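Single-structure report; data block below.
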Ligand code: CAP
Ligand code: MG
């Protein structure tokens, strides 16, 4: 091959303790094996030509090994020696296995499907500080999915109204209230004022309900600002902050994690689909989720199967399983199902994804015909019915569970048939007028 060295080790047994292993899907109009070698080289020590500077030591210590190829399916597996990677540096790893290779002319389509770290590498990462157990301990809920809401509209509410909507959601039964991914520190809702107002009403909601509540504050920004904001949240009694992991970048996440602030880190994945959506090209959500876990995210958006965003049952379940699974000394991640969910989704969602998750409802709570408090109640009624093994239709007969009945009237109930998830009675109600048209309509204390 053109770089002068071969990386082909087909059939060789790889000791997974000593290599990072990446699995790719490749389509190429050029020779498949040559393209695979070009990928292996470009992602590690090689380039397009032979080098007078290459040494046999570099080659023997750092060269990758293509140890498995299925040209019919387009699958290649490459083992990269540990020494190639800087300890605990997600950015550096991605610059290799998810870097230049996507832009090579000989590559028609290339997708990084999976990555496996040897324990020796895992141990160099912080990983989550809390994990699933730590999150459950913080909220003191152990026997059901956690219920969260995203304040809607995404942007626009002033701090006091934001706090009031949060209060209603908590009192209606939500464990968690969070900012949306594009709400940070805008003039209509300054960060510090929002934190102060919302934390104040969080305390009131806790007193009223006798339950612990969490406010997830979006700190996404430049790294120095994120740290300042995280410290502000902490100072005001907060337990959790959110970062948009793709837009702030993994280094931003690792930086905040390295500060050991004692805050749960919530990972929103906005922009992931630019990489994950095309099944033949880019980076899989599984890889992104693994990177988020090593970087230190405690709870991560992974998909809903039944909601508005892409993600098949097989894929979301697999990712959630990996996030909950054992990984040497690295704590687990609690999956978050979010996007287009309403109370009528709850039975199918819980059947598919189980109890160890956060179910997030934005429009599905604040779009309730009678407001956010009733919306939150409706979700809790759906959850309780499902836990009791009752159908939503059963529990809304007569005058019981009015909040849920009203939600079902608007959105219907999503039914998962035995084999496939079936989409039906889906109505996003895009033209519903805003419930809170102005300050008057919401009683701000
Ligand atoms: C859901 C949503 C999420 C997206 C992200 C929101 O709101 O939380 O951003 O769904 O999806 O905050 O806007 P709705 P994913 O409940 O109103 O749809 O988790 O798939 O990245
Ligand atoms: Mg959002």
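Quick note: the coordinates plus some simple rules give every number you see, no bench work behind them. Predicted model only: the values in this text are computed from it and were never measured. Here the Cβ positions follow ideal geometry from the backbone for every residue, glycine too, while neighbour counts run over all protein chains shown.
Residue check: residue 310 meets all listed conditions (1) within 10 Å of ligand 1 (Cβ to nearest atom); (2) surrounded by 22 or more Cβ atoms within 10 Å (Cβ to Cβ) but one, namely (2). Taking first residues from region 136-165 that are under 15 Å from residue 266 (Cα atoms) and touching a residue at least 24 places away in the same chain (Cβ under 8 Å) and partners that are away from ligand 1 (no atom under 15 Å from the Cβ) and not in a loop (DSSP other than H, G, I, E, B), the Cβ contacts under 7 Å between residues at least 6 apart in sequence or on separate chains come to 138/214; 138/264; 139/214; 146/139; 147/380; 147/383. Of the residues making up region 365-380, those that are crowded, with 24+ Cβ neighbours inside 10 Å and over 27 Å from residue 134 (Cβ atoms) number 5.
Considering only region 46-81, how many residues are closer than 22 Å to residue 11 by Cβ and surrounded by 13 or more Cβ atoms within 10 Å (Cβ to Cβ)? Summing the residues that are closer than 22 Å to residue 11 by Cβ and surrounded by 13 or more Cβ atoms within 10 Å (Cβ to Cβ) in region 46-81 gives 19. Taking the condition buried (at least 21 other Cβ atoms within 10 Å of the Cβ) and either within 16 Å of ligand 2 (Cβ to nearest atom) or within 19 Å of residue 122 (Cα to Cα) (or both), does residue 270 pass? No; evaluated as a whole, the condition is false for this residue. Which residues, taken from region 125-158, are within 16 Å of ligand 2 (Cβ to nearest atom) and farther than 15 Å from residue 355 by Cα? Selection gives 149, 150, 151, 152, 153, 154, 155, 156, 157.
Reported count of residues in region 11-45, each being out of contact with any strand residue (DSSP E or B) (no Cβ under 8 Å at 6 or more places or on another chain) and crowded, with 18+ Cβ neighbours inside 10 Å, is 5. When residues in region 337-386 are screened for being away from ligand 1 (no atom under 15 Å from the Cβ), in contact with a strand residue (DSSP E or B) (Cβ under 7 Å, 6 or more places away or on another chain) and not in a helix (DSSP H, G or I), 1 of them pass.
Scanning region 387-405 for residues that are part of a helix (DSSP H, G or I) and within 21 Å of residue 362 (Cα to Cα) returns 392, 402, 403, 404, 405.
Yes or no: region 324-334 includes at least one residue that is within 16 Å of ligand 2 (Cβ to nearest atom), farther than 27 Å from residue 75 by Cα, touching a residue at least 60 places away in the same chain (Cβ under 8 Å) and not in a strand (DSSP E or B). No: region 324-334 contains no residue that is within 16 Å of ligand 2 (Cβ to nearest atom), farther than 27 Å from residue 75 by Cα, touching a residue at least 60 places away in the same chain (Cβ under 8 Å) and not in a strand (DSSP E or B). Within region 180-212, restricting attention to residues that are without any contact (Cβ under 8 Å) to a residue 60 or more places away in the chain and part of a loop (DSSP other than H, G, I, E, B), which residue is farthest from ligand 2 (Cβ to nearest atom)? Only one residue fits best here, namely 210.
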